[in-house]
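Novice: Following this message is one structure expressed as structure tokens.
The values are calculated or read from the model by the stated rules, or taken from the named source; none is laboratory data. All of these numbers come straight from a predicted model, not from anything done at the bench. Virtual Cβ from ideal backbone geometry, glycine too; neighbours counted across all protein chains shown. These accessible areas exclude ligands, DNA and RNA; they are computed on the full protein's heavy atoms, side chains included. Shrake-Rupley method; radii C 1.70, N 1.55, O 1.52, S 1.80 Å.
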Amino acid sequence: MKTNRLPDGPYNHKEHEEKILKNWLDKKMYKPEFNPETSEVMSLEEMKKDSRTPWSLICPPPNAYGRPHIGNLSGYAYQDAMARYQRMNGKKVLMIPGKDHAGLEGEGVFVREVLEKKKIRKFDLEREEFYNMMMEFNQENMKKALKDEQEIGLSADFDRNLFTLDERVVDIVLSTFVKMFDDGMIYKGVRIINWDPKARSTLADNQCERLEREGTIYNLRYPLVKHRLWKINFYHEKILNSIRDGSKTVESRVLNPDEPDRFFGDIKAGDDLICFDKNKGNHLHMKVKAVRVYEDSNEFFKREDFSKIYTNKNDVPNSYDEMIEQYEKLADGYGEKLKKNGAIAIELEFPVKPSELQNSEFIEVATTRPETMFGDTAVAVNPSDERYKDLIGKKVIIPLANREIPIITSHRVEKDFGTGALKITPAHALDDYQIMLEWNEQINNIPSSRRVDSTEGGRREVLSSSVLEKIGKIGYINVIGQDIQLHGPVPEKYKGQVYMKVMPEIIKDLEESGALVKTEKLMQNILISERTKAIVEPMMSSQWFVDVERLKEPVIDMVRNVSEDGHPRLRIHPENMEKAFYSWMENLRDWAISRSLWWGYRMPVWYAGEVEERINDEGEIQSVINIDGEWITLDPTNKDHMRVQLEKPEASSWHQDDNVLDTWFSSGQWPFATLTVFGLMDTFYPTDVMETGFDILENWVSRMMMFSHITQDDIPFKDVYLHGLVKGTDGQKMSKSKGNLVNIDEVREQYGTDAVRMVYFYQNSAGSDYAMTFDKLKNFKQFNNKIWNASKFVLMNLEDMKEEDKSVYDLKESDLKIDEVKALYNHVIETKEHITKNIEDFEFGLATSNLYQNFWHEFADIHVEALKPLIYTFKDKETGETISEPKAEEKAEAQKVLLFALKTYLKMLHPFIPFVTETIWSAVPKESGDYESLLYTKW
RNA sequence: GGGCGGUUAGCUCAGCUGGCUAGAGCAUCCCGUUUACACCGGGAAGGCCAUAGGUUCGAAUCCUAUACCGCCCACCA
């Protein structure tokens, strides 16, 4: 073994990095099959049988459409440091790199960056054509990305680089879908979704962004229904007969119960009427909706809507006779008169001018979206709001739509905002949808307790169960379709029109009817699509869901339950993220997994004919299927309608669901999907570490845990390390507008890869953000140079060492005689203990700052300086006289410990700054436990 | 509004279950050095440990409030 000198001059990363990397890659040293003894690559079977402990980490796959950004690269640095450390500890290390197709975002980028530039519209292409073009685009990008990964030093098995849309992965992922469907864990249901009308696709919540803009808030009066008591009037027999004849000359008149003999005039549908409210003593303006004649009076009482006109259920008469009794009490002789007559029901619309109503006769709601009022199913007030206390449970009429809806309560309603009354449109507002769910849940709970209490923010909300029962559940009514036109139970004149276009007309009609009493400007947040910037329309749609209820507990237990060693089976670093994880898991609602895209895993769902989603006249979403030319309601349980299976059913008429799966559905299976593809499950599952950004703990990490539970009945990994965000040069979040972006190519060129990597590690801890500053980069470039120079110095002073002295690993403190040498020896031993502990504890920030401090300011500045007199002759500058001269014995001892220190430091530094350490290592004398490359050299 | 974390030198951060005069690096200033390194060495200056209470023989450390900063969640229709 010959000691090489390091060349003079500063460390020049440009000279070495490429060569070093090429060597690692050419020799396939990153593969678990690499045998450091022989420098050869074993077969898969040999590797599996190999006795080294397996260690595996599946790299989180970044989006395939672009180059990995600085944050992805920081992740690679952490993953790599862990892998290198484990490899040096004698484990067979597997790291699998990959790329994600990034469903919605991926498709968005492709449409924007590629198609739009070629002036092609997505829907001008066939689905397959689009898919193939996009696949090609992604394949091109992935090649570039692979280079970035390699250049940052990621020591992953690049032969096993895998794309999420690889055929082999697709099979695994879709099989899970089929299995879960068969087990009843996946179902199809209707739920509110975010609809991007431009992309014609469903959006996940985090694919929407908020935009503040000026909007208008409209105050609308919804009249109370109690006035409809007036819809019943009674007539003389002769009038009834005239109407039966269809004779137009007959005088039909409204009878006022308080003034039985007074007639107000003729009535027919569309007439305006003035009636007298005996309770309030005032007159009401009404419009006749219809005139119906009942030959048998008792028939009338059987009508369901009749019972609704009484505010108190007990007051509803059961028969004509009973009603006459009631009226007897009102006025002498009145009942007598009624007996002689038949009955006519006159259905009245709400009072003509709601603006003329008295305070107690309407409820005023504030809304920014009046067009959704046709889909209102309730008005909600805060339960503690004194103003509305007496109105709870009563009914109001939706202006223009003339439909009755109840007044309910919800703690979500802010008393102080607007009028304190909120119109509820569950089909088109997320919040309203929540209110509906909560309200209906309350109704469901009635039998279990007499009173329903719900506590929120210290306030107690108490509604008696009889009130709840009377109001009942509320539903939802769809009025805006995916075409953003009005559908369902909306007045004919607006139907089928884009809602934004008819808005002015609706406003005008509201104004004329007197329902619109006030408009005001305000700043409001609206949701827009992150990608297309289109306004997001919340609407109901039938979607595929994963039932998460039975996954919650086992997944939470992975972290909460402690195994034999006193640690959770699955540990999250930093620990305080556990709380966020628990609360996310506990509050999880069923996960919607279908997306209306072309890019992704098309759902393995087959229909026997064309399927459409429609809004019927009642505002219900209906899935209909075209079988033999006839549209019938789709029955998902009927195998002749729908099947869930991987392969297409034989008959050619069957066709596949248009939707693709949510990206997380596939990336959630990534750990075992990758290992399964390569036949490595038996050796490497569960994996050891998952390293990813803290922002996707919920979205991704928890999903991997769920899928691992479902398919493997095991944890997917033992430790999760969550890294923070890399911020810009000024410590702010990186953004183009701030001009604080860091160009990774330039920075690597100027400071070297190792310096960039040091910035990722130094002084950082799991979950916290940190800045990539030029100060730090410069500093670490100098640090690498310091390592270079100190190593050069040590090596040049070892040249006269005896071969047998060059085995330094079994040195003991007791072998050493000189205090300065002992001090260095102990320093190295202590430092190594610290660093080892830091790495085992995932404290890379501490490990690197310790290394920086100790190597430079302890080892180089103090210890090396202290040993100088022991290894070379000091001469007086001027006279040339010898001041001190080393003794051979002392020199040998010092040399041994210097070599020991250098080698140990290079090993400790290698996981973090692999290039400079590997470069120096090639010049260092080797001994047992060492290899030509530091990669496998024993820690 | 709810939750989590933070607040220590100009900057970036250590400081574990309370115990020497509160530490590093960078930056600053001064001095020095060319037999590894000017991408160097030595030294100096710099802190009421956010604020106010409390527990204790003793608090940067534990407790309680407050303020400010950051992030996450829910958001005013």
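Novice: So if I check each of A:Leu646, A:Leu680, A:Leu675, A:Leu634, which one is open to solvent by 40 Å² or more (accessible area, probe 1.4 Å) and either of a type outside the set (Lys, Arg) or farther than 30 Å from A:Pro32 by Cα (or both)?
Specialist: A:Leu646
Novice: Could you tell me whether A:Glu113 is out of contact with any helix residue (DSSP H, G or I) (no Cβ under 9 Å at 6 or more places or on another chain) and open to solvent by 50 Å² or more (accessible area, probe 1.4 Å)? Can you show your working first?
Specialist: Working: out of contact with any helix residue (DSSP H, G or I) (no Cβ under 9 Å at 6 or more places or on another chain): no; open to solvent by 50 Å² or more (accessible area, probe 1.4 Å): yes.
Answer is no for this residue.
Novice: For segment A:743-754: of the residues being at negative phi and open to solvent by less than 40 Å² (accessible area, probe 1.4 Å), which is nearest to RNA strand B (Cβ to nearest atom)?
Specialist: The selected residue is A:Tyr751.
Novice: Take the conditions in contact with a Ser or Thr (Cβ under 7 Å, 6 or more places away or on another chain), within 14 Å of RNA strand B (Cβ to nearest atom) and over 24 Å from A:Glu691 (Cα atoms) and apply them to A:Leu795. Does it pass?
Specialist: Judged against the criteria, A:Leu795 is a match.
Novice: Mind listing whichever residues of segment A:830-845 are in contact (Cβ under 8 Å) with a residue 12 or more places away in the chain and open to solvent by 30 Å² or more (accessible area, probe 1.4 Å)?
Specialist: A:Lys832, A:His834, A:Thr836, A:Glu843, listed by residue number.
Novice: Would you please name the residue that is surrounded by the most Cβ atoms within 10 Å (Cβ to Cβ), looking only at residues in segment A:190-224 that are within 20 Å of A:Ile480 (Cα to Cα) and among the aromatic types (Phe, Trp, Tyr)?
Specialist: Per the stated criteria, the residue is A:Trp195.
Novice: Here is a follow-up. Does A:Ile883 satisfy being more than 21 Å from A:Lys817 (Cα to Cα) and open to solvent by 70 Å² or more (accessible area, probe 1.4 Å)? Write out each step before concluding.
Specialist: On the way: more than 21 Å from A:Lys817 (Cα to Cα): yes; open to solvent by 70 Å² or more (accessible area, probe 1.4 Å): yes.
Judged against the criteria, A:Ile883 is a match.
Novice: Something else: Cβ-Cβ below 6 Å, separation at least six or inter-chain, first residue in segment A:770-786 and within 6 Å of RNA strand B (Cβ to nearest atom), second open to solvent by 20 Å² or more (accessible area, probe 1.4 Å): which pairs?
Specialist: A:Lys781/A:Tyr751; A:Asn785/A:Pro10; A:Asn785/A:Tyr11; A:Lys786/A:Trp856
Novice: Any residue in segment A:419-432 that's on the phi > 0 side of the Ramachandran plot: show its pairings with residues that are within 6 Å of RNA strand B (Cβ to nearest atom) at Cβ separation under 8 Å, as long as the two are six or more apart or on different chains.
Specialist: A:Gly420/A:Val413; A:Gly420/A:Glu414
Novice: For the list (1) within 12 Å of RNA strand B (Cβ to nearest atom); (2) buried (at least 17 other Cβ atoms within 10 Å of the Cβ), I need the number of the one condition that A:Ser583 fails.
Specialist: Every listed condition holds for A:Ser583 apart from (2).
Novice: Right, here's the next one. Residue check: is A:Arg757 surrounded by 16 or more Cβ atoms within 10 Å (Cβ to Cβ), touching a residue at least 24 places away in the same chain (Cβ under 8 Å), assigned to a helix (DSSP H, G or I) and under 30 Å from the mean Cα position of the chain (by Cα)?
Specialist: So A:Arg757 fits the description; yes.
Novice: Limited to segment A:171-189, what total is found for residues that are open to solvent by less than 10 Å² (accessible area, probe 1.4 Å) and assigned to a loop (DSSP other than H, G, I, E, B)?
Specialist: Summing the residues that are open to solvent by less than 10 Å² (accessible area, probe 1.4 Å) and assigned to a loop (DSSP other than H, G, I, E, B) in segment A:171-189 gives 0.
Novice: Identify, by number, the condition in (1) within 27 Å of A:Trp788 (Cβ to Cβ); (2) within 16 Å of RNA strand B (Cβ to nearest atom); (3) surrounded by fewer than 19 Cβ atoms within 10 Å (Cβ to Cβ) that A:Ser74 doesn't meet.
Specialist: Among (1) within 27 Å of A:Trp788 (Cβ to Cβ); (2) within 16 Å of RNA strand B (Cβ to nearest atom); (3) surrounded by fewer than 19 Cβ atoms within 10 Å (Cβ to Cβ), A:Ser74 violates only (3).
Novice: From the list A:Ile435, A:Ile397, A:Ile405, exactly one residue is surrounded by 21 or more Cβ atoms within 10 Å (Cβ to Cβ), in contact (Cβ under 8 Å) with a residue 12 or more places away in the chain and within 13 Å of RNA strand B (Cβ to nearest atom). Which is it?
Specialist: On inspection, the qualifying residue turns out to be A:Ile435.
Novice: Please give the strands (runs of 3 or more DSSP E) falling wholly within segment A:516-633 in which 1 or more residues are within 30 Å of A:Leu486 (Cβ to Cβ) and among the hydroxyl-bearing types (Ser, Thr, Tyr).
Specialist: A:516-529, A:537-546, A:605-607, A:621-627, A:630-633
Novice: Looking only at segment A:550-580, which residues are within 16 Å of RNA strand B (Cβ to nearest atom), open to solvent by 70 Å² or more (accessible area, probe 1.4 Å) and within 21 Å of the chain's Cα centre (by Cα)?
Specialist: A:Asn576, A:Lys579
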